[in-house]
Every structure is written in structure tokens, then in C-alpha cells.
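*Asks:* Take this structure, written in C-alpha cells, and hold onto it; I'll ask about it next.
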Amino acid sequence: MLRKKKQTPQEQSDQEFNLALEVPAEQRPKGWRPFVRRNWKRIAAAACAAAVAGAFLLPGNGAKPAGVDTEYLESAVERRNITNVFSGSGTIAAANTYTVNALVSGTVLTADFAVGDTIEEGTVLYTIDSSNAANSAEKAQLSLDQAQRNYEDAVDAQYIRSTIGGTLASYKVAVGDVVTAGQEVATVRDASTLLLTLEFPAADAANFTVGQAAQVTLDGTFEAVSGTVRSVSGADALSSGNLLVRTVTIAVNNTGSLTTAQAATASVNGVSALASAKFSYQNEQTITASTGGTVTALCVKEGSSVSADTALVRISGKELTKQVQNASDNLRSAQMSMEDTEDQLNNYTITSPISGTVISKEVKAGDTVSNTAGSTSLCTIYDLSYLQMTVNVDELEILSIKEGQSVTITADAISDRTFTGVVTSVSKAGTTVGGTTTYPVTIRIDDTGDLLPGMNATAEITTASTENALSIPNAAVVRGNYVLVTKDSPSAANADPSMTAPEGYVYVKVTTGTSDDDYIAVTSGLQEGDTVAYTASSTASVSADGQMEEMMVVGGPGQGGGGSGGPSGGAPGGGPQ
């Protein structure tokens, strides 16, 4: 309920003084018009300048007569729901936008998609002629293979290896020895099979064949073992007894008991050898160093079985180390060249970097593309799985915006529906323009409906809400959280005796809470049945911007100070201080 009450001239004077009092910052209602809030300093400065100019230009009788009545607006304290809502505008954008450009030059061979197609990440969009790049890749592979072999050879040069399989009979060097190229370092024998070389009568031996069985008899023990004819000489020779003979070599598998110190004779097809002989190794190799260096390790123990290419001795030296390092560097260089070539070759097949919808297609099959600066993009893809918008929030309101808050969205192009979003990001990087700082807030919209990227929209975020709260008009609260109430109000009993109020009113201290554009919740100090008072001029001031009030004070008690802002009343020297 609102009612008006006229004031006496004295009360009018008191009212002008108290109009200079401002609503405290913590109680200023949110949601005031953004333009006035951003430019209140300029507006106030202009008002002050106009007041000064008027003092000089207007005649003295132009001042407001002291006897003109000032009207109060009175409002009953009542319960209502109060919701503080931030409202900001922005442009709808896709969740992700990707413009595809060519990284290579050439003729487009395929472009099997169209505008409006929905594609998955990794889908092939374009293939470009890569014949020249394929040749470069083949050359790079050949260079890499050669570098690999050179490196392996350089590493292998540090090792002296066995050339045959068998048993490492002995080393001829020790760790720390310096060896030269061609020096003997080890002996390897193949003792798995021993050979027995005997003379047989030429006439009989001429009928022997390779692989034919032979009976071998060991000297001393007369133990018989099996053997096989390995070879028969092709020419007759004269023995010491002036007999024609042929040399027959018989191989005997060694079970481990035979040595080269053992002698034996043999018979083949019933024909006996003319004399016995000692066994010999099937193969025995003296291993030599291929390059010089210092022995750093003996890799195999003497008596151990080895196979062909087994490393026996490791050597080192400045030249060897240098060769290995150079070969390693060349190999790595060849590998990087190959990787670069493969990457370049992969660029001739262009795939979609995201899942989404093709918005535009600028290049088709048969066109020639270039990777030079300023070249035309190939196509544009939007990820429309969700939409988003960004609104700029004033520094006075940014602390009330939090991630996860629900947002109501309306679009200018879709007037019959609202959409729901959620705050996903509150940036801490503000932008200051004209003395006002704003912070970008990002809103995600999963409920997209008919929304499209590029549409203008308004976002509303509920920052505070109170239900069934004792409420009074925003304009009724003045500096220091005082409210002017009628003397017949129940809460008038709590009047502040130090405050001078207009006739029929008293000042009461209050605690306030949530506010909207028009009303503010009172959490203590007032009760139902109270009636608060304020002037029409203070209503206009608050509805424009409460921050203007402190700049409107151009005088003080006894100086003709006046202004507009909060509820007025009280003689000079009284009212809230």
C-alpha cells in the first residue's frame, strides 16, 4: 500500500539534506540498467557541472521555494518472494569449429562429402595426388636402411667373433691387452666329429664310396666304433713300402671320449688300412682381430660351446668410439628424415579432426590446392553436439556467478521458447573499458532445439532467491541501513534516538538481504504491520542507479546540500550520518 503525505517547509529543508544520503554499496539492488551503472561517474559529473552553471546563469529567484511541499510515499512492510537475476546478451556459437586447410600442394583426387553431411572424427575428406611424395619416401627408406647397416657394422667392429661353431679352446689375449689388426686372439675347434686319415690299397680303395660305412678300431683298447667314409683321394700314391695306395678320410662321431691323441685303424668293406693314425679335428679355426684396440672383455669362457658369429672378445679405442658415434648420428638423421617424409605423405590424405556437420565446402575433386600463406580453406566443420554462448559480466556482479549455475536462455529469433544452459567457465581475465571491468562467462547449452550458431540470445542467471521474505522498496533504505517508518508502526519502538526524523516518522536500523530491481528483503529491524516512507525523487534515483547518489551530494548541513537517492527527512544536522 502506498500513500502520500505533504511536508512543512522545515521538513522540506530537512528532506533536501537527507536526499544526499546514499544507499550503502552492500544493499544496492542488483539488476539496475547496465548503461547507467557503467557511466554513472560521467552522468554525475555532468550533473554537477550543470548545477554550477545554473548557479551562475540562472537568476536568484530561480531556486525552489522553501515552502513547496515535499510528498512522501508510504509502503506497508509485506511478504513476497524476491529473486535476483543477472541478465546478459551474447551470440550462440558451436561447441567447436574447425576450418580445414591444406598442408601440401597438389591436385585434389577425391572429395566424397557434401555440405550438411554429418561426419565422424577421422573420416577421409580429401585425397591429394602424392606421387612425388611417394618417391621421396622411398628414397628416405633406402637411406635409412643404409644408415642402419653402417651402424651395425660400426658396433660389430668392437667385437671379435667366432667364424665357426664348436668349442672355445683357448684365448691368446687377456683383458687390458692391446691388439693389432690380424693378431691371433682365440682358437675354436669343432670336436663334435673327429677325422681319421688312413692309407688303403689303391685297387681296393678305388671301389670305396663317400658315405660308406667303416669299422674303426681304437689302438690300445681295441674298442670298435662306427665311422663313415668322408672322402677318397682320386689318385694313386706310392707308400713307403712301395705299394700303390689311396688316402681315405673316415669321420667318427665324438661322444666326448675321443681326442686327437687317440690313434686308430679302420676297415672298409672288409679291407683293412695299411697302418693306424691319430684322430684330427673336423674343423679348427684361429680367430684374429680385424682392427686394433684394447681388450675390454672376454665374452665366453674357455671350453664353452660357441656357434658361428658368437662374440668372443670386445675391444675399444678412440677410433672405434668415433666410428660408432658417427654411425649413430647418421642413423638418427636418416630416421628423422624418414619420419618427416612419412608425415608429409600422410598430409596428402586429409581427415576430419572432429565429429560434426559440414558447414561449407570450398574445394572439390579436380581443384588444385596450395599450402602457401593465404591459401583458401578446404571446408568448415561445426561440432553441434552442444552449443555455447559467452556473456560479459560486470565486476560488481561477477562474484555472484559460479560454475554449475543454471541459465535460462531466450533467442531473438525464437520468441516462443526458452532454453536451459549451465555456466561452465567464469574467466578471471577481465577487460577494462571506460573505467568499467567485465569478465567473460561461458554457458553450455545441451537443450539446443532450433538454436543455431550466430543467433543473438539473452541469458538470465538467478544469483540469489528468498521466499516469503519481509520486503520493502529498495528506495526506502538509506545510508547506514536506516529506514524511515511511521511513528504508529510496531517497530517505531526501536527508533534510534540519535537520529532526527521528519514529523510523524522515526529512523529504525535494519538488516537487509536479497534484492531485486524493486524490493529488498529485511531480515531484522522491521515486522509486519510497519509502514516505511520515502520520497518520489529517491525512487527515481534508485531506479536509475543507486551508485549515482554519492556523487550528487554538493553540499552539507547548513550549506544547501541536496540531492536524490535514499529516503529523505530530518532537519540539517539530523538523519543518518
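*Asks:* Please go through segment 173-224 and give me each residue that is β-branched (Val, Ile, Thr) and not in a loop (DSSP other than H, G, I, E, B), ordered by number.
*Replies:* Let us first name the residues in segment 173-224 that are β-branched (Val, Ile, Thr), namely 173, 175, 178-180, 185, 187-188, 193, 197, 209-210, 216-217, 221.
Hits for segment 173-224 are Val178, Val179, Val185, Thr187, Val188, Thr193, Thr197, Val216, Thr217.
Per-residue answers, yes or no, for (1) outside any strand (DSSP E or B); (2) within 15 Å of Leu195 (Cβ to Cβ):
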position	(1), (2)
Arg246	no, no
Val252	no, yes
Leu258	yes, yes
Thr265	no, yes
Glu284	no, yes
Thr294	no, no
Lys301	yes, no
Leu320	yes, no
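*Asks:* What is the one condition in (1) modelled with pLDDT of 90 or more; (2) among the small types (Gly, Ala, Ser); (3) within 17 Å of Leu345 (Cβ to Cβ) that Gly116 does not satisfy?
*Replies:* Going through (1) modelled with pLDDT of 90 or more; (2) among the small types (Gly, Ala, Ser); (3) within 17 Å of Leu345 (Cβ to Cβ) one by one, Gly116 breaks only (3).
*Asks:* Condition first: of a type in the set (A, V, I, L, M, F, W, C) and in contact (Cβ under 8 Å) with a residue 24 or more places away in the chain. Now tell me which residues in segment 249-266 satisfy that. Before the answer, list the steps.
*Replies:* Let us first name the residues in segment 249-266 that are of a type in the set (A, V, I, L, M, F, W, C), namely 250-252, 258, 261, 263-264, 266.
Of everything in segment 249-266, those that are of a type in the set (A, V, I, L, M, F, W, C) and in contact (Cβ under 8 Å) with a residue 24 or more places away in the chain turn out to be Ile250, Ala251, Val252, Leu258, Ala263, Ala264, Ala266.
*Asks:* So in segment 443-460, with the set limited to residues that are buried (at least 16 other Cβ atoms within 10 Å of the Cβ) and of a type in the set (A, V, I, L, M), which one is farthest from Val393 (Cα to Cα)?
*Replies:* The extreme case among them is Leu451.
*Asks:* Taking only segment 286-334 into account, find how many residues are hydroxyl-bearing (Ser, Thr, Tyr) and free of Cβ contacts under 8 Å to residues at least 60 places away in the same chain. Walk me through how you get there before you give the answer.
*Replies:* The first filter runs over segment 286-334 and keeps only residues hydroxyl-bearing (Ser, Thr, Tyr), leaving 286, 288, 290-291, 294, 296, 304-305, 307, 310, 316, 321, 328, 333.
Still in the list and also free of Cβ contacts under 8 Å to residues at least 60 places away in the same chain: 321.
Qualifying residue count for the region: 1.
*Asks:* Among the residues of segment 371-383, is any buried (at least 16 other Cβ atoms within 10 Å of the Cβ) and either among the aromatic types (Phe, Trp, Tyr) or in a loop (DSSP other than H, G, I, E, B) (or both)? First the steps, then the outcome.
*Replies:* In the first step, residues of segment 371-383 are kept if they are buried (at least 16 other Cβ atoms within 10 Å of the Cβ); the result is 378-383.
With either among the aromatic types (Phe, Trp, Tyr) or in a loop (DSSP other than H, G, I, E, B) (or both) added as a condition, the list becomes 378, 382.
Yes, that holds for at least one residue.
*Asks:* Here's something else I'd like to know. Among (1) within 30 Å of Glu302 (Cβ to Cβ); (2) more than 60 Å from the chain's Cα centre (by Cα), where does Gly182 come up short?
*Replies:* (2)
*Asks:* Same structure again: Of all residues being surrounded by 12 or more Cβ atoms within 10 Å (Cβ to Cβ) and free of Cβ contacts under 8 Å to residues at least 24 places away in the same chain in segment 423-442, which is farthest from Thr463 (Cα to Cα)? Just the residue, please.
*Replies:* Step one: of segment 423-442, the residues surrounded by 12 or more Cβ atoms within 10 Å (Cβ to Cβ) are 423-427, 430, 436-442.
So of that shortlist, the ones also free of Cβ contacts under 8 Å to residues at least 24 places away in the same chain come out as 425, 427.
Working: Ser425: 15, Ser427: 17 Å.
Per the criteria, the residue is Ser427.
Rundown of residues vs (1) surrounded by 15 or more Cβ atoms within 10 Å (Cβ to Cβ); (2) among the hydroxyl-bearing types (Ser, Thr, Tyr); (3) modelled with pLDDT of 90 or more; (4) closer than 30 Å to Leu320 by Cα, yes/no style:
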{"residue": "Leu73", "(1), (2), (3), (4)": "yes, no, yes, no"}
{"residue": "Asn81", "(1), (2), (3), (4)": "no, no, yes, no"}
{"residue": "Asn84", "(1), (2), (3), (4)": "yes, no, no, no"}
{"residue": "Ser89", "(1), (2), (3), (4)": "no, yes, yes, no"}
{"residue": "Glu121", "(1), (2), (3), (4)": "no, no, yes, no"}
{"residue": "Tyr126", "(1), (2), (3), (4)": "yes, yes, yes, no"}
{"residue": "Ala140", "(1), (2), (3), (4)": "yes, no, yes, yes"}
{"residue": "Ser143", "(1), (2), (3), (4)": "yes, yes, yes, yes"}
{"residue": "Asp156", "(1), (2), (3), (4)": "no, no, no, yes"}
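*Asks:* Counting only residues that are within 58 Å of the chain's Cα centre (by Cα) and polar (S, T, N, Q), which one in segment 473-514 is surrounded by the most Cβ atoms within 10 Å (Cβ to Cβ)?
*Replies:* Among residues in segment 473-514 that are within 58 Å of the chain's Cα centre (by Cα) and polar (S, T, N, Q), the one surrounded by the most Cβ atoms within 10 Å (Cβ to Cβ) is Asn474.
*Asks:* Also: From the list Ala202, Ala214, which residue is touching a Lys or Arg at 6+ places or on another chain (Cβ under 8 Å) and either of a type in the set (Val, Ile, Thr) or within 30 Å of Ser276 (Cα to Cα) (or both)?
*Replies:* On the way: Ala214 fails: touching a Lys or Arg at 6+ places or on another chain (Cβ under 8 Å).
Going through Ala202, Ala214 in turn, the sole match is Ala202.
*Asks:* While we're here: Output the number of the condition that Thr341 fails; it satisfies all remaining conditions of (1) under 18 Å from Gly165 (Cα atoms); (2) touching a residue at least 40 places away in the same chain (Cβ under 8 Å); (3) among the β-branched types (Val, Ile, Thr).
*Replies:* Only one criterion in (1) under 18 Å from Gly165 (Cα atoms); (2) touching a residue at least 40 places away in the same chain (Cβ under 8 Å); (3) among the β-branched types (Val, Ile, Thr) is unmet by Thr341, namely (1).
*Asks:* Also, I was wondering about something else. Among the candidates Thr259, Thr249, single out the residue that is over 30 Å from Thr180 (Cβ atoms), in the same structural domain as Arg189 (by TED's automatic domain parsing) and surrounded by 17 or more Cβ atoms within 10 Å (Cβ to Cβ).
*Replies:* On the way: Thr259 fails: surrounded by 17 or more Cβ atoms within 10 Å (Cβ to Cβ).
Only one candidate passes the filter, namely Thr249.
*Asks:* Within segment 401-408, can one find any residue that is more than 20 Å from Ala111 (Cβ to Cβ), without any contact (Cβ under 8 Å) to a residue 24 or more places away in the chain and out of contact with any strand residue (DSSP E or B) (no Cβ under 8 Å at 6 or more places or on another chain)? Show your work before the answer.
*Replies:* Filtering segment 401-408 for residues more than 20 Å from Ala111 (Cβ to Cβ) gives 401-408.
When the remaining residues are screened for being without any contact (Cβ under 8 Å) to a residue 24 or more places away in the chain, the result is 403-404.
Next, from what is left, pick out any that are out of contact with any strand residue (DSSP E or B) (no Cβ under 8 Å at 6 or more places or on another chain): none.
Checked against the condition, which is being more than 20 Å from Ala111 (Cβ to Cβ), without any contact (Cβ under 8 Å) to a residue 24 or more places away in the chain and out of contact with any strand residue (DSSP E or B) (no Cβ under 8 Å at 6 or more places or on another chain), segment 401-408 yields no hits at all.
*Asks:* On to the next question. Does Gly165 meet the test of being modelled with pLDDT under 90 and under 58 Å from the mean Cα position of the chain (by Cα)?
*Replies:* Details: modelled with pLDDT under 90: yes; under 58 Å from the mean Cα position of the chain (by Cα): yes.
Taking the combined requirement at face value, the residue satisfies it.
*Asks:* Ok, one more. Please note which strands (runs of 3 or more DSSP E) are completely contained in segment 430-537 and include at least 3 residues that are in the same structural domain as Ile398 (by TED's automatic domain parsing) and on the phi < 0 side of the Ramachandran plot. Spell out the reasoning first.
*Replies:* On the way: elements: 431-433, 436-445, 456-473, 482-486, 505-509, 511-515, 519-524, 531-535.
Passing ranges, in order: 431-433, 436-445, 456-473.
*Asks:* Please determine, by comparing only the residues of segment 298-319 that are more than 16 Å from Val179 (Cα to Cα) and surrounded by fewer than 12 Cβ atoms within 10 Å (Cβ to Cβ), which one is modelled with the lowest pLDDT.
*Replies:* Gly303
The values are calculated or read from the model by the stated rules, or taken from the named source; none is laboratory data. If you're wondering where the values come from, they're calculated on a predicted model, not measured in any experiment. Positions of Cβ are generated from backbone atoms using ideal geometry, with glycine treated the same way; all protein chains shown enter the neighbour counts.
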